[in-house]
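These notes concern the structure reproduced below.
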Amino acid sequence: MPRGRTPKGEATRARIIAGAAEAVLALGVMDTTLDDVRERTGTSKGQIFHHFPGGKDELLTEVARHEADRVLNGVQARMSPLTTWEAWSRWKDQLIGEYDRSGADCPLRILVNHLGPATPGARAVVAELLSQWHTHIRTGLERMRSAGILSGDLDPAAAASAVLTAIQGGVVMLAATGTTAHLEASLDLTLAHLRTHALTPDRP
């Protein structure tokens, strides 16, 4: 717990952040006001400004950190090194399962679609998360190439970007349709393309 915060104060701060995240998901960033957050959390404006002196912009940045932590504590925290086809298959199944459970409350959707464009601070949080994810994927592909599993003509950075784009596109479709079928299809096709660069027998 940061110095100077009491357990009660920390609980209030966490409640404000969670309530703001709910408001953003329900109303959108532009239409979310501090009054909406106050009503959802049973707090006063004085309490909100006590914990977030910068007002709405500071609160949205903290909401972005909160949602980024949800991503990191979810699928990304369970991402083993993506250095074998088996690891890729397990990761894809974990990802689909995570988004099946979260549905419209998907933290990646809240981050990229709602919070990313909201404030410079929130944008920086989103950019850092995506950079970490991109690095993890790219590193796995580089190791597969070095191990002779993938051919040298594969560009790991470009392939990692394609995987991330497939995920985000699938998440957008999840929000619109309520099903992960599009996310699964986009990942299946992207991973199938990766396997066209395989130098060793393909084992899904």
| If you go through segment 146-157 one residue at a time, how many are without any contact (Cβ under 8 Å) to a residue 60 or more places away in the chain and within 15 Å of His193 (Cα to Cα)? | 8
| query | Condition test on Leu129, is it at pLDDT 95 or above, buried (at least 20 other Cβ atoms within 10 Å of the Cβ) and farther than 19 Å from Asp100 by Cβ? | reply | no
| query | Within segment 165-174, is there a residue that is of a type in the set (Gly, Ala, Ser), in contact (Cβ under 8 Å) with a residue 24 or more places away in the chain and farther than 21 Å from Glu98 by Cβ? | reply | no
| request: Please find, within segment 165-203, the residue that is surrounded by the fewest Cβ atoms within 10 Å (Cβ to Cβ) out of those that are more than 17 Å from Trp88 (Cα to Cα) and of a type in the set (Val, Ile, Thr). | output: Thr177
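The values are calculated or read from the model by the stated rules, or taken from the named source; none is laboratory data. Remember, it's a predicted structure, so these values are computed and weren't measured experimentally. Virtual Cβ from ideal backbone geometry, glycine too; neighbours counted across all protein chains shown.
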